[in-house]
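Throughout, read-outs are computed from the coordinates displayed, never taken from laboratory work. Because the structure is predicted, anything quoted here is derived from the model rather than measured. No Cβ is skipped: glycine too gets one built from the backbone with ideal geometry, and neighbour counts run over all protein chains shown.
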Amino acid sequence: MDVQTPALTLGHQFADELPEMAVPWQAEAAPEPRVLVLDTDLAAELGLDPAQLTAGLLTGTELPAGAKPVAQAYAGHQFGGYSPRLGDGRALLLGEIDGRDLHLKGSGRTPFARGGDGLAGIGPMLREYIVSRAMHALGIPTTRSLAVVGTGRTVRREQPQPGAVLARVAASHLRVGSFQFARATDDTELLRRLADHAIARHYPELAGDYLGFYDAVVAAQASLVARWMLVGFVHGVMNTDNMTISGETIDYGPCAFMEAVDPATVFSSIDTGGRYAYGNQPGIAQWNLARLAEALLPLFHDEQEQAVPLAVASLERFAPAFTTAWTRGMRDKLGLAEDPSAELTTDLADLLRAGRVDYTTFFRTLSEAARGRADLTRALFDDPAVFDSWLPRWQALSPDAEPMDRVNPVYIPRNHLVEEALAAAVAGDLDPLHRLDQAVSDPFNERRGLARYAEPAPGDFGPYQTFCGT
Ligand code: AMP
Ligand code: MG
């Protein structure tokens with residue numbers, strides 16, 4: 001008996017409601033498509049049948065009837081400099097499934113491509129796949145990677161490498177840069193339509209309340225960046241086009257996790273000034289949100305003089321919202337019943353920094369200290385004296401070990417492991433990636449045989465640098 005695969009429907013709400021920001025476009029054909037990795041959990045969550053997830057769908061070349069794929073327009077501040085027209089140079093919005101975007105990256109040149117080839121290599125696409133899987137498993141809002149499909153094409157980069165297309169799922173791809181684009185047209189009706197679309201998708205209870213919408217984005221980003229800071233995540237390229245309105249992490253180009261604690265940690269080869277260093281992330285998020293406020297001003301009030309103080313008052317809520325989220329997260333990481341004092345956490349930050357201790361290992365072993373075995377944590381310090389003076393202050397607060405193990409991961413996608421997995425994948429072996437995925441997709445659950453996935457990079461790994469891979 002033939003079992004019919006249910007028909008997949010791809011919505012086109014964005015394309016219909018915002019045609020000024022949507023260029024109808026087709027994906028480039030992949031000569032020899034081969035599905036390399038597929039997130040079956042995500043497929044199931046979307047109600048997708050594995051039989052529907054053909055290489056043709058996942059490369060955008062065979063879409064269900066009625067689909068209207070588009071390249072989205074957006075502007076953005078990149079490293080502080082404004083570009084009025086960025087847009088999906090090598091990406092496409094295929095459509096919406098249950099209100100979520102199905103989007104491709106590496107699907108060929110679009111009218112936004114400028115000098116780029118429109119393509120992507122499997123290294124950067126698999127990096128996005130594995131790191132976004134890890135972020136999701138860590139409970140951090142993120143765009144998700146549905147699949148990476150090898151195209152059978154060679155992509156020219158510093159090193160030629162196999163080409164790939166990433167299929168990504170997101171609450172939406174609306175960015176701060178989307179609003180900057182709409183604002184720059186001087187068409188307030190378009191700006192309002194974009195805001196209405198964003199509100200309907202992400203904050204439906206705020207229909208018509210543009211200042212409330214802005215507040216909600218400020219709150220979502222304050223919470224998101226606090227979550228990044230709590231796991232040692234360095235995004236690496238917090239341009240305004242890489243900051244979502246939904247509060248999901250987007251764009252896993254040069255991101256990496258910090259090991260030795262240092263607020264000045266930078267991995268991206270192009271971030272020579274350290275603009276997007278670990279410790280700068282909250283301040284940069286706030287800067288980006290100021291750019292969003294500028295874009296939204298005409299919706300706050302007809303008179304600019306009246307709109308500005310409203311925006312400023314909203315933006316001023318970022319810092320306390322960030323501090324609250326971060327302190328609450330630290331409370332959980334430290335296993336405490338109440339928020340820790342700023343003194344306790346500041347002194348902790350100072351001692352971790354002075355000791356250049358591995359951030360993830362510190363917190364994970366600290367639950368053993370709560371169980372009465374402080375020696376594991378103590379051994380992380382070359383000079384344990386500073387830790388010895390901090391320890392009793394924390395112990396006096398009666399930390400509870402068990403919940404600590406539910407928020408302090410054992411496994412994160414460590415830089416040397418990601419590099420190892422990607423190098424093998426480029427050479428045709430996906431096993432190391434699958435093993436890494438096993439560890440990081442269940443990050444709080446320590447398992448036998450995975451000890452090497454919990455360890456910091458060996459000394460000879462050296463200073464780590466990441467590349468956008470574009
Ligand atoms: P990203 O660094 O991925 O956020 O990209 C920044 C901008 O450059 C976006 O407008 C991208 O669409 C565009 N871009 C990046 N790589 C390529 C490429 N290989 N071909 C065309 N456009 C690209
Ligand atoms: Mg981007």
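The table for this structure:
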| quantity | calculated |
| --- | --- |
| Cut-off 15 Å between beta-carbons: net charge of the residues surrounding Ala216, Lys and Arg +1, Asp and Glu -1 | -3 |
| Estimated [θ] at 222 nm from DSSP helical runs (n ≥ 4, -39500 (n - 2.57)) normalised by residues in the chain, nearest 500 | -12500 deg cm²/dmol |
| Cα lying deepest toward the dipole's positive end in the stretch 336-427, options Thr346, Leu391, Ala424, charges on Cβ | Ala424 |
| Dipole of the stretch 183-328, positive end: most advanced residue of Leu230, Pro320, Ala290 [Cβ charges, Cα centre] | Leu230 |
| Scattering curve values for the stretch 13-170, log₁₀ I(q)/I(0), Debye with Cα scatterers, q = 0.13, 0.14 Å⁻¹ | -0.60, -0.70 |
| Counting DSSP beta bridges with both ends in the chain, the antiparallel % (nearest 5) | 95 percent |
| Relative contact order, percent, the stretch 336-399 [alpha-carbon distance under 8 Å, six or more residues apart] | 40 percent |
| Virtual spin-label span in nm between Ala457 and Ser341, 7 Å along Cα→Cβ | 3.8 nm |
| Charge tally in the Cβ shell below 15 Å around Gly56, where Lys, Arg are +1 and Asp, Glu are -1, Gly56 excluded | -3 |
| Potential lengthening between Ala44 and Ala349 on full extension [0.36 nm per residue; Cα-Cα distance subtracted] | 105.7 nm |
| Kyte-Doolittle mean at least 1.0 and Cα axial length at least 18 Å: DSSP H helices in the chain | 210-231 |
| Dipole in debye (nearest 20) - the chain, about Cα centre, beta carbon charges: Lys, Arg +1; Asp, Glu -1 | 760 debye |
| Centroid-to-centroid separation of the stretch 12-40 and the stretch 317-353 [C-alpha atoms, Å] | 42 Å |
| Efficiency of FRET from Cβ geometry, Thr327 and Asp186, R₀ 41 Å, rounded to 0.05 | 0.45 |
| Binned Cα-Cα distances of the chain, short to long, each 20 Å bin given as a whole percent | 24, 55, 21, 1 |
| Ordering of 232-241, 330-339, 433-442, 377-386 by packing [mean C-beta count within 10 Å, highest first] | 232-241, 433-442, 330-339, 377-386 |
| Paramagnetic label zone (point 7 Å from Cα along Cα-to-C-beta, Gln159; backbone N under 13 Å) in the stretch 89-133 | 122-124 |
| Computed E for Asp117/His434 - FRET, C-beta separation, R0 35 angstrom, nearest 0.05 | 0.75 |
